[in-house]
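Structure record follows, encoded as structure tokens.
The values are calculated or read from the model by the stated rules, or taken from the named source; none is laboratory data. Because the structure is a prediction, the values reported are computed rather than measured. Neighbour counts run over all protein chains shown; Cβ positions are idealised from the backbone, glycine included. Just the protein is used for accessible areas: all its heavy atoms, side chains included, with ligands, DNA and RNA removed. Shrake-Rupley method; radii C 1.70, N 1.55, O 1.52, S 1.80 Å.
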Amino acid sequence: ARPPAMSDPAAEKSDREREKSTAELDKVTDYVEEREVDAEKMRQSVTGLFDASNQDADKVAREKALAAVVVAPADVELIVKEMRLPAPAAERALREAGGDVVKALCALVH
């Protein structure tokens, strides 16, 4: 029979150091990967904010342009009566049609 194998203390120490180094390297690479993912999430978030901001600016510009359109109260009343719409909806339709009552009625019918 073979005698029990004797462990080499130097080899055991080397193995422990190698395992420790591997664990530390894993921690570093995990940290770098997390930072890369976090950076990508940050970029997407910032891009999303700019896109939302641009959309909001477009909406504000559109609303300002519509508010500048002059509508006749008689035209609003005509659309309210004929289409049975609330006055704000009739006014909005007129503004979107550039104040043209015929275009507004056509748009509401189609």
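Ordered from highest to lowest accessible area with the whole protein assembly present and a 1.4 Å probe, Met42, Met83 read as Met42, Met83. Taking all protein chains as shown and a probe of 1.4 angstrom, Asp15 keeps an accessible surface of around 70 Å².
Glu77 sits with roughly 100 Å² accessible to a 1.4 Å probe, with DNA, RNA and ligands left out of the calculation. Once the Cβ-Cβ distance of Gln55 and Lys20 is raised to the sixth power relative to R0 = 41 Å, the FRET efficiency obtained is 0.20.
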